[in-house]
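Reading through the structure tokens given below for one structure.
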4 protein chains.
Amino acid sequence: MVLQRVAIIGASGYGGLQTLRLLAGHPRFEVTFLGGERSSGKRWSDLNPFLPLPGDPVVQSPDPEAIAGVADLALLSLPNGLAAGLVPGLLERGVKVVDLSADYRYRSLAQWQEVYSSEAREVPRSDADLCREAVYGLVEWEEARIRQARLVAAPGCFPTASLLALLPFLRQGLIEPAGIVIDAKTGTSGGGRAAKEHLLLAEASEAVAPYGVVGHRHTSEIEQLASQAAGQPIQLQFTPHLMPMVRGLLATVYARLRDPGLTADDCSTLLAAAYRHSPGVAVLPVGTYPSTKWVRQTNRALLSVQVDPRTGQLIVLSAIDNMVKGQAGQGVQCLNLMAGLPAETGLPLSPFYP
Amino acid sequence: MVLQRVAIIGASGYGGLQTLRLLAGHPRFEVTFLGGERSSGKRWSDLNPFLPLPGDPVVQSPDPEAIAGVADLALLSLPNGLAAGLVPGLLERGVKVVDLSADYRYRSLAQWQEVYSSEAREVPRSDADLCREAVYGLVEWEEARIRQARLVAAPGCFPTASLLALLPFLRQGLIEPAGIVIDAKTGTSGGGRAAKEHLLLAEASEAVAPYGVVGHRHTSEIEQLASQAAGQPIQLQFTPHLMPMVRGLLATVYARLRDPGLTADDCSTLLAAAYRHSPGVAVLPVGTYPSTKWVRQTNRALLSVQVDPRTGQLIVLSAIDNMVKGQAGQGVQCLNLMAGLPAETGLPLSPFYP
Amino acid sequence: MVLQRVAIIGASGYGGLQTLRLLAGHPRFEVTFLGGERSSGKRWSDLNPFLPLPGDPVVQSPDPEAIAGVADLALLSLPNGLAAGLVPGLLERGVKVVDLSADYRYRSLAQWQEVYSSEAREVPRSDADLCREAVYGLVEWEEARIRQARLVAAPGCFPTASLLALLPFLRQGLIEPAGIVIDAKTGTSGGGRAAKEHLLLAEASEAVAPYGVVGHRHTSEIEQLASQAAGQPIQLQFTPHLMPMVRGLLATVYARLRDPGLTADDCSTLLAAAYRHSPGVAVLPVGTYPSTKWVRQTNRALLSVQVDPRTGQLIVLSAIDNMVKGQAGQGVQCLNLMAGLPAETGLPLSPFYP
Amino acid sequence: MVLQRVAIIGASGYGGLQTLRLLAGHPRFEVTFLGGERSSGKRWSDLNPFLPLPGDPVVQSPDPEAIAGVADLALLSLPNGLAAGLVPGLLERGVKVVDLSADYRYRSLAQWQEVYSSEAREVPRSDADLCREAVYGLVEWEEARIRQARLVAAPGCFPTASLLALLPFLRQGLIEPAGIVIDAKTGTSGGGRAAKEHLLLAEASEAVAPYGVVGHRHTSEIEQLASQAAGQPIQLQFTPHLMPMVRGLLATVYARLRDPGLTADDCSTLLAAAYRHSPGVAVLPVGTYPSTKWVRQTNRALLSVQVDPRTGQLIVLSAIDNMVKGQAGQGVQCLNLMAGLPAETGLPLSPFYP
């Protein structure tokens, strides 16, 4: 059995570490290149003694030529704006790319430049064609296109949880397009490994706080996909909150049902049908609600539906591990598809509980 | 200076412990009776060696006659249904009562019996008159009536945070009465000190989960007050979530503005005006959002407002300490008013940060 | 490839859940029986919706006859005293047993009855011969005997971490037999899934506390093995502490070097040599100290050594995951050996970091 | 009643914030100067909206002349090496100083320069006389000298907990001077508010790890005082560990009893006698062990003693809040004494539990 060769760029960040852990047990991929800027030239075990890698490689500067020499696929886990500097060179040399950043999540470069304006000021880009070409890597909804793609933009953690909950209802026109509220809660690992005061344990533990209220960048990413699914422009309310925990993400999604006669059982059946071919998405029985702990260390999304007959509100709960299904795991799903494998190959679906 | 004598019933639960801590520094109250069922007859320091009390008293069975002999005021921190067995006897003997349970929060006994149906089956009650007499102890909105009351029902933690955010806008008719969503997050201390599997550290840490989705008991409590303020029946969506932390409660409140031209600054000004005489409620500048950590160990509520001009949504953030402003602290505020003192007497407004 | 059939008894406790998660990815074992008393007759997904099992089995009452009909091996994860009621019946029917409880950890039944006196009062036992026959399942030191065993007593979590640190030095006579101090720290999952007040998140988080100071049961278990290795009776100081975290165990071991000229490098070399054939035990470079986070969700032990030339003290740090190497993972190692497989088969050595 | 005027230098760090919180309820002190380098010129509420201060002052650059103009006392909470630049100017102008850093904790400047060698390279110092003059602010043992002092060096958090446990036994010659082991555990707030990767919630939560094994700076600080008390040089083993919590510090102290006949009750009586005049130090009954949670947000130390008659080991448990008794609270105790007040004035002795 021939192994596909994978390069991981940004290996010491949380996205890179998580990808390496997931690939440690993967039956068909072999990591052949570890890239990093700051850690370039250092031996892996000196940087991260807790994650043993075969051969204890040295981290290298992410040069496209060097990468193309040893890898068929590359997964980029870099700060926003930096992937765009690397991707064209990789694609030219025949390396297929999964990018975990936001650089190729918008079909329009201009929209990226508007939403990520501070990054856009730092990094001049002219790859509008690649933005149009890139496939949005929401595996359950784009599997066929991902299989054919050279370049996949893995979705953000909040959009992943939110869209898995919303798309089935929007596609079928079952909810009002206006008035959707997504109240989301995430662990601090979503903020990355770079030291920031508000992510210190002393600050973030025993604390719950909203941030980016109105106008958080993921709003536009969610709206892009939601509008596409609904066939009409959607503007919704998205409010992220920082939780005192490392990993886990819960989106509590509120929307008005068009048909007030629909019950929670109806909606649950519909949701289950939408994901009947997706082993990584499970719908819980009505009345059982997901804890983020139930999906930690897994590539699984757990959904649950409730309806308030008094108000006509539909409530969809959507729990994922922000580091796995919300980032590295979904990235590996995309790699799997691009390598001709089933999407879940090598990915864990059971948590280490508790 | 004559000290008012206070009895604390349910002293070893979290509500009782928090009340005792708050009264430890109170200039005008003296705790003269510690009541408890299970711990009756035991010395305080054997039960709770971490909270030294003057004279190291013995916990007593909560007998109304004994309480009335030594106390002017009583604060009850008992499971739902039990206060109703004690209150009539205390009032008859001239002891004024603040009850932290839900027993007297509804004006109608029948509604209590419907919402708290399992408790109602255990405890036959016929004190509908006391339900009508009891004052709902939301201090910022009921100060005058509390001052005159014999019996005050301290609000629940979720209603406190939610109503502080909503009432100013409902009173002035600035938001649509339909479509209100309250997405609330609370620490595990809200579940009490009795051991339950889902509140174990091993279960509840590194976990965020919703519960009581549609139909949580606090929904009706919030709606009772919201309807009163709006002058029309309000039905809203309330979803509580359990957070991996001990104390703190955040309500994220979504409502549609009637006048889409209102800005966040307008709404913030209005909110600040509503609480200009309430030293325990502060409105943060627009763009600054409260962390529950900012109000821990305080009787303060921190509010912040944002408006999304695209969707016309008003978002109000409301953070309290569920054990203080959400329970024992608000109870002490009520005791203060009933004793003729300023509401904030002896109550902390600054957190031990971090 | 023929799969070995394994029964898990006590499936819904933390030890059982962890074993099931580990076996979910095991290439040579198949779980054919789920046993439990309280949960008997219930469908697995109703009990633990977060851990999907193939076929969604029903939990059964742990009857030896039924177990022997479908399983070659059984892993028991039961409260102390209960395994002894089940083991004889299983062995008679040819089922090999790994017991995670303390019931067979002492070579002498009388000593067990002394140390576990309260359990001994509840459960009359007469299986002194099985106590003598049982092999202590510390894999790195008893591999050959475990391979031949019918009955293996998996070590306690504290003894595992402590003995991995101590045995190499005791065997070689490098440390003084008197004056050894083991200061140990464990997560709350060690206390099990049954609800207890002191393990509530509200109680155990933001808290560090010692317990069982002088005379904790694991002291005698450690001393039994330490004495055997030293060839003389060892009496040592063992103090466990409860940490505000779910999983992870660190033993900080202090001992006086006999030869004051030995350096940290000398001791580190010796330790590495002792475990050179043990892929699950790694010795960190001198000056790098293990975090329990580095071994979470792994069956790995991380050791590190330091020497204070001023005082002649040797300090050995030993970190494990109390639920994996300290319990279920070591149990699976034993199952592997009893089934003729390499000890690490199917066991993870890399953490999901962070 | 005339209020003493206090300047707080380093107000936005954790030491400064904690001091301000403690002084918020102080009956005899008034904060008249807030000093800070980075935050100089900024309004307090913009920096720390969670801690309201009367008059919402502006933070100022810490100029000795300006400080002396408005303050009688100054409390410095600055990184090591920086206080020494400010103290001479303050003392010359008649301002009494409590310094929370290590700058004046050693009687010998040369020793400070050796232990804090990196700081010494940055900051040339020639104030050996002030090092000799400064009083070590361990209140329970130096009260008389602190009352007369111009300059007090508040002890480190680890030395405070360790010395409170050790000094009574060393003074009376009850324990062997050799072989003492201090295994200490602290929350992450001890690392300060500046962002560092290893103190991120994502890194430090669900993790226990040792650091500074052999040679941590606090070793020499503890030894200086221990030697003084014993009347002979003491060299001991001190190992700090980082805990997954914000605040709290536990020292588990092991020492050999000289008289093997001494019981835990004997030792507990002795300890209680040593602190009979210290309201902030309490000795728990034998068999009750302190949790750090029991002293959070208090200036209390909780001690407990156990003896292992088999090994002759004495074990002393010592729990404090590292931010209060281990830092700011002890600083305020010193300010109290220097202002002629009882040491505990204005300081909390009860925790906000849980």
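Observations on the model:
- Test for B:LEU90: is it surrounded by 19 or more Cβ atoms within 10 Å (Cβ to Cβ), more than 21 Å from the chain's Cα centre (by Cα) and modelled with pLDDT of 95 or more: yes
- Residue match in segment C:331-349 (condition: under 20 Å from C:ALA102 (Cβ atoms), in contact (Cβ under 8 Å) with a residue 24 or more places away in the chain, of a type in the set (Val, Ile, Thr) and outside the structural domain of C:THR269 (by TED's automatic domain parsing)): yes
- All positions within segment D:218-240 that are facing chain C (nearest Cβ under 8 Å) and either hydroxyl-bearing (Ser, Thr, Tyr) or more than 22 Å from C:ASP183 (Cα to Cα) (or both): D:THR239
- C:GLY215 vs. criteria more than 9 Å from chain D (Cβ to nearest Cβ), surrounded by fewer than 20 Cβ atoms within 10 Å (Cβ to Cβ) and in a loop (DSSP other than H, G, I, E, B): no
- Matching residues in segment B:241-254 - criterion: being at negative phi, facing another protein chain (nearest Cβ under 10 Å) and small (Gly, Ala, Ser): none
- In the set (1) out of contact with any Phe, Trp or Tyr (no Cβ under 6 Å at 6 or more places or on another chain); (2) within 14 Å of another protein chain (Cβ to nearest Cβ); (3) aliphatic (A, V, I, L, M); (4) crowded, with 22+ Cβ neighbours inside 10 Å, the condition left unmet by C:LEU164 is number (2).
- Count - residues of segment A:41-51 that are more than 25 Å from the chain's Cα centre (by Cα), closer than 30 Å to C:HIS26 by Cβ and within 11 Å of chain C (Cβ to nearest Cβ): 2
- The lone criterion from (1) within 10 Å of another protein chain (Cβ to nearest Cβ); (2) surrounded by 23 or more Cβ atoms within 10 Å (Cβ to Cβ) left unmet by B:SER318 is number (1).
- Qualifying residue in segment A:250-260 (condition: in contact with a helix residue (DSSP H, G or I) (Cβ under 8 Å, 6 or more places away or on another chain), farther than 19 Å from A:PRO177 by Cα and in a loop (DSSP other than H, G, I, E, B)): no
- Being more than 24 Å from C:TYR116 (Cα to Cα) and surrounded by 21 or more Cβ atoms within 10 Å (Cβ to Cβ) is a property that holds for C:GLU206.
- Boolean, D:PRO244 is within 30 Å of A:ASN48 (Cβ to Cβ) and in a strand (DSSP E or B): no
- For segment A:1-19, the tally of residues that are within 18 Å of the chain's Cα centre (by Cα) and crowded, with 24+ Cβ neighbours inside 10 Å stands at 10.
- Among residues of segment B:104-134, those that are crowded, with 22+ Cβ neighbours inside 10 Å and closer than 21 Å to B:ASP72 by Cβ, counted: 2
- Matching residues in segment C:334-349 - criterion: being more than 21 Å from C:HIS218 (Cα to Cα) and crowded, with 21+ Cβ neighbours inside 10 Å: C:LEU335, C:ASN336, C:LEU337, C:MET338, C:ALA343, C:LEU347, C:PRO348
- Residue in segment B:193-207 that is within 10 Å of chain A (Cβ to nearest Cβ) and charged (D, E, K, R) present: yes
- Hits in segment B:275-315 - residues which are in a strand (DSSP E or B), in contact with a Lys or Arg (Cβ under 9 Å, 6 or more places away or on another chain) and more than 8 Å from every other protein chain (Cβ to nearest Cβ): B:VAL281, B:ALA301, B:LEU314
- Residue match in segment D:325-337 (condition: outside any helix (DSSP H, G or I), within 25 Å of D:VAL246 (Cβ to Cβ) and within 14 Å of chain C (Cβ to nearest Cβ)): no
- Of residues in segment A:52-69 being surrounded by 16 or more Cβ atoms within 10 Å (Cβ to Cβ) and not small (Gly, Ala, Ser), the one nearest to the other protein chains (Cβ to nearest Cβ): A:PRO52
- Here C:ALA264 passes the criteria (1) within 10 Å of another protein chain (Cβ to nearest Cβ); (2) over 30 Å from A:GLN18 (Cβ atoms); (3) without any contact (Cβ under 8 Å) to a residue 24 or more places away in the chain except the one numbered (3).
- Residue match in segment B:159-166 (condition: within 26 Å of B:LEU242 (Cα to Cα), in contact (Cβ under 8 Å) with a residue 12 or more places away in the chain and polar (S, T, N, Q)): yes
- C:ALA178 vs. criteria over 30 Å from B:ARG193 (Cα atoms) and in contact with a strand residue (DSSP E or B) (Cβ under 7 Å, 6 or more places away or on another chain): no
- Sub-9 Å Cβ pairs linking a first residue in segment C:22-40 that is within 14 Å of another protein chain (Cβ to nearest Cβ) and surrounded by 22 or more Cβ atoms within 10 Å (Cβ to Cβ) to a second residue that is of a type in the set (Ser, Thr, Tyr) and in a helix (DSSP H, G or I), at least 6 apart or interchain, are C:VAL31/C:THR19, ordered by first then second residue.
The values are calculated or read from the model by the stated rules, or taken from the named source; none is laboratory data. Quick caveat: nothing in here was measured; it's all calculated off a predicted structure. All Cβ positions, glycine included, derive from the backbone under ideal geometry; neighbour counts span all protein chains shown.
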